[in-house]
Structures are given as C-alpha cells and as structure tokens.
Amino acid sequence: MDNKALQESEERFHQLVNNIDEVFILRTTAPYRYVYISPAVARVFGLTAEEAMADPARFLSFTHPDDIEFVRQTMQDAGSKSRIEVEYRIIRADGAVRWVWTRYQQVDVAPGADPLVAVVVTDITAQKDAQRAEASARAEATRANGAKTEFLSRMSHELRTPMNAILGFAQLLDMEDLPDNQRESVRQIMSGGRHLLELINEVLDISRIDSGQLALSLEAVLVSDVIEGVTDLMAPLVDARHLTLRSPQGDVCRVHVLADRQRLKQVLLNLVSNAVKYNRADGDILLTCDAPSPEEVSITVSDTGIGIGGEELRRLFTPFDRLGRESTGEEGTGVGLALSQRLVQLMGGRIDVESSPGVGSSFTLVLPRAQSLVAGDAPASPEESGRGPSGSDLLATPLTVAYIEDNPANVRLMEQLIARRPGVTLVYAMQGQLGLDLISSSPPGLILLDLHLPDMSGEEVLRRLKANKTLMDIPTVIVSADASPGQVRRLLAMGATAYLTKPFDVQELLTWIDDPHRTPDPIE
Ligand code: ADP
C-alpha cells in the first residue's frame, strides 16, 4: 500500500471510530497499559482519550463504588478468559450515573507476543431505564391485580358469611309447617339468596382467571361419567319443564378428555341448564359425543329453543350480557357462558356455537383427548363411588358437637339446626384457644371448625388437634366462607374430614351430625 492509500485508509478508520457510540479500547494485560482508546470515551465517560491514556488507574475510579469490587475481579479474570461480558454503573466526570455494558476479549496480535485485551464499552443507560420502567409497570400491574383479587376474595368472604345466616335460617323455616303464603316467601328468600351466591362465585372465578390465579387440576376424565352426573342433576328441572333430554347410549362417550373434572362438570351444567331455560315448551335437548380430530373429543348440547341471532352471537360470551332475555323471567346472571369459555380455554379447549332463531342452538365443547386410558379402566367417578352409610340408625346415639365459630348468627343457626336432632348437644367456643380447651377437657364426637377466628386461624386449631394423640381421630369438618380450591385441598390434606363452604347446605351438614364417621364424598 502506498503512502497516500495508507493515509486514506487511516482517515476512514478515524472517521469510523469517531462516529461510533461504543468506546473501543486496546490494552496490554501485564503491565496494565492502554494501547488505544477511541474518542467516544468522551461521550461515555466524560474525559478525553488523551486524559484516559495518561492515567490507566483513572478508569477504575469512574466505577460506581457499589460495583467496583465486581469490576476489578472481572478485569483480572479477563487476563485468563478469552471473552467476558459485564454490566455495571459508572459515575462520569460530570457526576452523572450511567449504566455501561463492557466486553473484554483477548486478541492475539503476533505469534509469540503477549495477547492484548480488546475492550468495547457501550452506554446502555436508556435501555436499562426502559427495562426498569417496564419491570416496575409489570410489578405495579401484578400488585394491582393481586389487590383486585384480594379485594374480591375478601368481599366474597364478607358476603358469604351473612348469606350463611340468610340461607341457613330460610332452610330451617322451610322445614317448618308453614302457611302457603309464608312458604312462598321463604322460597323466594332462598331462591334470591342462591342466585346472589351463584353470582358471587362466578364473578370471583372470572376475576381469578383474569389475574391468572385460578388453579385447575387436569386429569383424564371419562366423558360419559360427567354427562351422567350432569343429566342426573338436571333431570328434575327437565321433567318440571316437560322437556325430553336424550344422552348418548352405549360406549360412544366412554372416552377420556384431559380436563379438570369439577370445572368440566360446571361448564356442561351451564350448557345443559341454558338448553333447559331457553327451550320451548315440550322441546328436546340432545347430548352427543364426537371426535373432530384424533386429538380431540367434543360434547355437543343441542336444543330446540328460541335460538340466538347473528348479531347476538357475537355478544354471547360477554359477561353480564343476557342478550335482552332479562324480561323473559328466566333467572340468570349472564356470566355463566363467559366463565365457561374462559374455563374451557384454560383446559386447552374451546366452545363452538351454531344457532338459528326460532329453531334452536348447538353448543359444542371441544377438549383435548387424554392419552392411554382404556375404556373400562376409568377411575371411579364421584357419581360411581357412592356415599357412605346413612346415619339414620345412629340418631338415638348421644353425640356432642363442638363448634368453633366467632360469628354469633352462625352459632345461633347451628343451635337451631342441632335442636332438630334429639340426643345431640352443641357446645361452642368463639375463639380458637377456648375451643381447643373445650375439646381437650371433654372430647366431643364431632368438631365443626370455622377458619377465621379472632385469636388464631382455624388452620392452626386443626394443626394442633391433629398433633394431639387423644384428639387427632375426632372427625373435624371445616365450615368456612373461604371457598378457594387451594385452601380446601390444603385443609383436607391436613386431616380435615370434610370442607363445607358457607352458606352450607343444611341437609349436608345434618348428614355429618347423623354420622360423623361416614366416608366423605369425593371433593365436589
Ligand atoms: P344466563 O345466566 O343469562 O343464562 P349465560 O352466560 O349462561 O347467562 O348466557 C348468556 C345469554 O346467552 C343468556 O342470557 C341467553 O340470552 C343466551 N343463551 C345462552 N344459551 C342459550 C341457548 N341455549 N339458547 C338461547 N339463548 C341462549
């Protein structure tokens, strides 16, 4: 290369390094000496290349005191490793704190000569600020979501506790010999109460899904089992409306899907109950199973009802939108389908809809097929495994029930309920420790335990009961307004005999009083 060409090439190099934002540094390893520092050092560190070259120790003095040890170590390591990348803070000559990304790389310059270290320093402050802003926005969103769920869960708890008294006393009244008009009033209270409760549960579920806090337990579920359970439950309503429900015969639905058993049942119940509610007099409901693909199983619920128009179909899964059916007198919240769709999507499936006004609707639930289980190998379903022995013959046996509960209305409700069982005595305590003392001084035959107590949690009371050899075998039924599935599973795993959610079903509670040692139903 002649001199002119060399000069031009050098100029091009200088133009290049003058214009790049990264600082490029070339230094020896030991002794520590700079061979080259590019002019960008002025932009990043706030000192000229000449100033930097003159004093090798000066660079280190720019490092933020909190990062200095880490950087010193990294620089030493750079001598033995071929390539190192590191991020740290510097305090520039003008006092500004900046984030830099630095890469150290060994370069062999000539055979036999000591290698040099090439260092590239980039100012990444803007990037870091953006990352920090994003992380704090994410943290804020998570916090806000958590706060919303916490609020809803508290509100739901606060609403359930008085509902327990309302529905409980209404059920007690309903067992009395009442004049017709009063019985009608009581039924209205119960129906309104149940409706409100359903709404609370659905809204809470949707909010849990939206904040990613709804845990599903996926397993291989036999479709015919779920269909049977749902059709059994719906039979009284279907009959009352003079409808005909036909479900698949034979083995066509003996296939397994990967789903949360309870949630699948909830979704199918919603679809069948809609097919009942929005049907015509003497109409039909047909349930069918199919396999849209080798990996999928579908369950279709068809009805011969009022149908849904094209524009309405688009709004079908919008929470609280009842498509103007409020005036039909059919009870509903408008949340069921929105919740069903979210649940099915969480299970990896979908809901397809076809409908024509005046003719009827078909809702098809498509779910992933579960592998490997052969028909006939199905685990016993809740519907198949049956109930424990009836306790009617035990009625005469004297029994003491200890109730630990701090809400006076709930204690009164329990007193009235137990008054219906001759031979059964209720003792109660309104605090956890008092309850434990009561139970130790005279062990009862059944313990009913609320979880929110003023002095200690009901969970702690249960833990202490289960740790005590003389008390550990007393059946302990949790009666709580907190219905979160995780909580239910945890308490059952700790040894609780059953978990009833407030407002509890009076008949179900009575089955425990009639036979505290009965086999619990599988978790519903
Ligand atoms: P709802 O509690 O009102 O029944 P859903 O979310 O289950 O709430 O359904 C939303 C709306 O979709 C209903 O109010 C009704 O207008 C309409 N819908 C649902 N299923 C059917 C059906 N099988 N036939 C006609 N309309 C239906």
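Hey, any hits in segment 304-320 for a residue that's among the basic types (K, R), free of Cβ contacts under 8 Å to residues at least 24 places away in the same chain, part of a loop (DSSP other than H, G, I, E, B) and within 12 Å of the ligand (Cβ to nearest atom)?
Among the residues of segment 304-320, not one is among the basic types (K, R), free of Cβ contacts under 8 Å to residues at least 24 places away in the same chain, part of a loop (DSSP other than H, G, I, E, B) and within 12 Å of the ligand (Cβ to nearest atom), which makes the answer no.
Anything in segment 498-524 that is touching a helix residue (DSSP H, G or I) at 6+ places or on another chain (Cβ under 8 Å), farther than 24 Å from H195 by Cβ and assigned to a loop (DSSP other than H, G, I, E, B)? List them, or say none.
Within segment 498-524, D515, R518, D521, P522, I523 meet the criteria.
Within the group T425, T476, T497, T501, which residue is farther than 24 Å from M155 by Cβ and open to solvent by 40 Å² or more (accessible area, probe 1.4 Å)?
After applying the criteria, what remains is T425.
Considering every residue within segment 262-277, establish whether at least one is within 12 Å of the ligand (Cβ to nearest atom) and in a strand (DSSP E or B).
No, segment 262-277 contains no residue that is within 12 Å of the ligand (Cβ to nearest atom) and in a strand (DSSP E or B).
Filter segment 43-55 for residues that are hydrophobic (A, V, I, L, M, F, W, C) and more than 12 Å from I20 (Cα to Cα); which is surrounded by the fewest Cβ atoms within 10 Å (Cβ to Cβ)?
Among those that are hydrophobic (A, V, I, L, M, F, W, C) and more than 12 Å from I20 (Cα to Cα), it is A54.
If you check every pair at least six apart or on different chains, which have Cβ atoms under 6 Å apart with a residue in segment 278-289 that is farther than 9 Å from G305 by Cβ first and a residue that is of a type in the set (G, A, S) and modelled with pLDDT under 95 second?
These pairs meet every condition: L287/S247.
Within segment 278-302, track down each residue that is open to solvent by 20 Å² or more (accessible area, probe 1.4 Å), within 14 Å of the ligand (Cβ to nearest atom) and either not in a loop (DSSP other than H, G, I, E, B) or not assigned by TED's automatic domain parsing to the domain that holds D232 (or both).
Listed by number, the residues that qualify are D284, L286, T300, S302.
Are there any pairs, at least 6 apart or on different chains, whose C-beta atoms fall under 6 Å, with the first in segment 340-361 and at positive phi and the second surrounded by 14 or more Cβ atoms within 10 Å (Cβ to Cβ), and if so, which?
G348/P368; G358/G307; G360/D303; G360/T304; G360/G305; G360/G307
Residues that are at pLDDT 90 or above, near the ligand (Cβ under 8 Å from one of its atoms) and either in a loop (DSSP other than H, G, I, E, B) or farther than 23 Å from N201 by Cβ (or both): does segment 325-334 have at least one?
yes
Which one of the conditions (1) in contact with a helix residue (DSSP H, G or I) (Cβ under 9 Å, 6 or more places away or on another chain); (2) open to solvent by 60 Å² or more (accessible area, probe 1.4 Å); (3) assigned to a helix (DSSP H, G or I); (4) not small (G, A, S) does F59 fail to meet, given that it meets all the rest?
The single condition F59 does not satisfy is (2).
The values are calculated or read from the model by the stated rules, or taken from the named source; none is laboratory data. Please read these numbers as outputs of a predicted model, since none were measured by experiment. So basically every Cβ, Gly included, is an ideal-geometry build from the backbone, and we count neighbours across all protein chains shown. Areas reflect the complete protein model, heavy atoms only, side chains present, ligands, DNA and RNA absent. Shrake-Rupley method; radii C 1.70, N 1.55, O 1.52, S 1.80 Å.
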